[in-house]
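Chemist: Quick one: the structure is below, and I'll ask about it shortly.
The values are calculated or read from the model by the stated rules, or taken from the named source; none is laboratory data. The model shown is predicted, which means the values in this text are computed figures rather than measured ones. FYI the Cβ positions are ideal-geometry reconstructions off the backbone, even for glycines, and counts take in every protein chain you see.
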Amino acid sequence: MDLAAESKNRYGPVLDKYLETYGLQLQKARSHPSRGSPSREDIRQAILQLSEPEKVTYLTFETILSLENTELCNNLDLILSDSAKASLPACFRLASAYCQRGSSIFDHAYGFLCVKVIALFVQVGLLSRSGYINRLVELIALGYAQHSIFSAFTTTVYNLMVSLMEDQLDYGPSARHELFGWDKGSVSGAETCLPEIGGCTADQIQLLLARLWNSRAGFLSCGSRGEETLFPGFGGFLCWIWRGIAQKHGLPGSRQNSATSWTQLVELSIRFTLFCSDRDADLMSFVLLACPEYARNDSIINRTNSAVDAQDRGRIAIMTPIKIRSGKDLHIRVVDTLFCFACPSVNYEENIFNIFGAKIERLWFELDQIRSPEQFAVKDLPYFCQGFLHILSAMQNHDPKLFLRLLSSISEDLYEGMGRVLLLPLVSSEPFKTRSSLESLKILLESTSLYVKDMYARTRIEPSLEFPIRIYPIWNKVASQLRFLESFQNEHHEPRAEYITTWYYAWSSAVIWFQGRELLKGILRCAYPRCPTAVDVIGFECAGCHSKRYCSQRCQQADWLLPGNPHNSQCATRFGETRS
């Protein structure tokens, strides 16, 4: 048998072809069409075979994964039997050997199924340690698993992981680490995880994470077929990987060492969130929160392109706005993370408008839910708005023309949303206090305006005349409200007065976005000569000649009838017809 044929027989087809041909999704839970369901003894022998690398093929993993079928799940106890006492380290060795031959973990069916088996073994081990295995058995007995244990398994793992992650975040080094599988070796004192199925070290978990990250494009490709293509409870598996990285680099509440693994884990968690259920996305919010701040903010601060190739870039571009729009229960911090991860990774020209549009829709969804200042404080929408400015700052440097096109497309909704966010704290009659994220948003707005000013100085581009005509009325409403409120402050309202004054100057800096190099001057002047405001909102124009603009319908009508004004006779439009 030649090497290519031997490799195909052992490692199986390339993964895309395998998933298309055999459709091994957990919700279907069917094995190769030409083979019958394995017996309990077949599964036991497959588990034992893991320790004999030369005998293991992708079909070995398929046999073990038949435990996900409802009709065979009563054999799950085999994972905790004497037959499986060496299974976990054996799987790690098999994954390493496969990748050392030059393959990525998701190149063929073999690597993909090997990771699925590791995930299944780990999670059954954790369910057993915590006693949650009994809950899984109850759900299956009650009929929650018609064809596959996917739903029952995922539900049980979710409930366990919420409890474990809350414990880890609350208590850090003092948390109940044994429930995550960590025991101390009786001889050397070396720490191992899940010794009952052979055990593994933090170094092995870190290496597995690196291999998953190297295959991140394949990971997203699998996920684009549906969450069930991966593994039951995969959100819980990523929580377990986080705990392994924390074992090596520091738990919450202790010093967390800088390591590439944190950033790799954050990225995998983000990619998983793009296609997982809201429940698993909830688990990913725990993982992101439990990683060091620099890792969570890496894609924002460094504007890192995560895409591996054009296909990967396309998947990120398609899946991100879909997830943001569909996941109304998704925490807004996670939405912001998805946004800041996706924007640097996609084709700006083709995809950035849809991603921005999805996030702005979510901003307004959140604003529409606010009924009290307390709700505003809880949501932390100022932080949510910062993501817009981070990406816009990058875009003006990357592609000024596209920056202006995007700004022209979204600016009305964006200015209105940010204006609402900065004015909402002034509504409360309670003692005035604001979150630090509002101060950060203000500083970021000022710095972004400086970047835009520099952009106009170094390029020849200018915003179109139509742009300030649309945006100035919105900007001016917010500025006028701040000036109006400022006039009513006194020495007894120092924090409020300072907030209003500093925000007025920050908001004023944003004029440059739609003004360009030249001052707006006359284009903002109401055409009615008796209008009391020298410069005001220009929301109305004559629908006949389109050459005159007004701050209100009243000024438009008054200008039409003004004695000695030739507008009436020169313009053929009917009385009072305006267009806003």
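Chemist: Hey, residue 104 hits all of (1) in contact (Cβ under 8 Å) with a residue 60 or more places away in the chain; (2) assigned to a helix (DSSP H, G or I); (3) surrounded by fewer than 22 Cβ atoms within 10 Å (Cβ to Cβ) but one; which does it fall short on?
Modeler: (2)
Chemist: What number of residues in the stretch 395-409 are within 18 Å of residue 444 (Cα to Cα) and crowded, with 19+ Cβ neighbours inside 10 Å?
Modeler: 4
Chemist: Separate question: What's the number of the condition residue 19 fails, among (1) at pLDDT below 90; (2) in a loop (DSSP other than H, G, I, E, B); (3) closer than 27 Å to residue 210 by Cα?
Modeler: With respect to (1) at pLDDT below 90; (2) in a loop (DSSP other than H, G, I, E, B); (3) closer than 27 Å to residue 210 by Cα, residue 19 is out only on (2).
Chemist: Given (1) assigned to a helix (DSSP H, G or I); (2) surrounded by fewer than 21 Cβ atoms within 10 Å (Cβ to Cβ), identify the lone condition not met by residue 428.
Modeler: Every condition holds for residue 428 apart from (1).
Chemist: As an exercise: evaluate residue 153 against (1) of a type in the set (A, V, I, L, M, F, W, C); (2) surrounded by fewer than 19 Cβ atoms within 10 Å (Cβ to Cβ); (3) within 20 Å of residue 232 (Cα to Cα); (4) modelled with pLDDT under 95 and give the number of the one condition it does not meet.
Modeler: Among (1) of a type in the set (A, V, I, L, M, F, W, C); (2) surrounded by fewer than 19 Cβ atoms within 10 Å (Cβ to Cβ); (3) within 20 Å of residue 232 (Cα to Cα); (4) modelled with pLDDT under 95, residue 153 violates only (2).
Chemist: Inspect all residues belonging to the stretch 298-305 and state whether any of them is surrounded by 22 or more Cβ atoms within 10 Å (Cβ to Cβ) and under 24 Å from residue 212 (Cβ atoms).
Modeler: Let us first name the residues in the stretch 298-305 that are surrounded by 22 or more Cβ atoms within 10 Å (Cβ to Cβ), namely 299.
With under 24 Å from residue 212 (Cβ atoms) added as a condition, the list becomes 299.
Yes, the stretch 298-305 contains a residue that is surrounded by 22 or more Cβ atoms within 10 Å (Cβ to Cβ) and under 24 Å from residue 212 (Cβ atoms).
Chemist: Condition check: crowded, with 18+ Cβ neighbours inside 10 Å, under 16 Å from the mean Cα position of the chain (by Cα) and either in contact (Cβ under 8 Å) with a residue 24 or more places away in the chain or in a helix (DSSP H, G or I) (or both). Does residue 363 satisfy that? Before you say what the answer is, go through the steps one by one.
Modeler: On the way: crowded, with 18+ Cβ neighbours inside 10 Å: yes; under 16 Å from the mean Cα position of the chain (by Cα): yes; either in contact (Cβ under 8 Å) with a residue 24 or more places away in the chain or in a helix (DSSP H, G or I) (or both): yes.
Answer is yes for this residue.
Chemist: Which of the residues that make up the stretch 61-77 are modelled with pLDDT of 95 or more and either of a type in the set (A, V, I, L, M) or not in a helix (DSSP H, G or I) (or both)?
Modeler: Result: 64, single match.
Chemist: Residues that are among the small types (Gly, Ala, Ser), crowded, with 18+ Cβ neighbours inside 10 Å and within 21 Å of residue 500 (Cβ to Cβ): does the stretch 410-419 have at least one? Outline the logic, then answer.
Modeler: The first filter runs over the stretch 410-419 and keeps only residues among the small types (Gly, Ala, Ser), leaving 411, 417, 419.
Restricting the remaining residues to those that are crowded, with 18+ Cβ neighbours inside 10 Å gives 411, 417, 419.
From what is left, the residues that are within 21 Å of residue 500 (Cβ to Cβ) are 417, 419.
Yes, because at least one residue in the stretch 410-419 is among the small types (Gly, Ala, Ser), crowded, with 18+ Cβ neighbours inside 10 Å and within 21 Å of residue 500 (Cβ to Cβ).
Chemist: Can you pull out every residue in the stretch 200-241 that is touching a Phe, Trp or Tyr at 6+ places or on another chain (Cβ under 7 Å), among the polar types (S, T, N, Q) and under 19 Å from residue 311 (Cα atoms)?
Modeler: 215, 224
Chemist: Still on this model: Answer with yes or no whether residue 468 is in a loop (DSSP other than H, G, I, E, B) and crowded, with 16+ Cβ neighbours inside 10 Å. Spell out how you get there, then give the answer.
Modeler: Values: in a loop (DSSP other than H, G, I, E, B): no; crowded, with 16+ Cβ neighbours inside 10 Å: yes.
Taking the combined requirement at face value, the residue does not satisfy it.
Residue-wise test of (1) in contact with a Pro (Cβ under 9 Å, 6 or more places away or on another chain); (2) under 17 Å from residue 333 (Cβ atoms); (3) buried (at least 20 other Cβ atoms within 10 Å of the Cβ); (4) not aromatic (Phe, Trp, Tyr).
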{"site": "230", "(1), (2), (3), (4)": "no, no, yes, yes"}
{"site": "234", "(1), (2), (3), (4)": "no, no, yes, no"}
{"site": "248", "(1), (2), (3), (4)": "no, no, no, yes"}
{"site": "255", "(1), (2), (3), (4)": "no, no, no, yes"}
{"site": "261", "(1), (2), (3), (4)": "no, no, yes, yes"}
{"site": "274", "(1), (2), (3), (4)": "no, yes, yes, yes"}
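Chemist: Six or more apart or on different chains, Cβ atoms under 7 Å: show the pairs whose first residue is in the stretch 389-418 and under 18 Å from residue 454 (Cα atoms) and whose second is charged (D, E, K, R).
Modeler: Note: pairs meeting the criteria are 394/303; 402/349.
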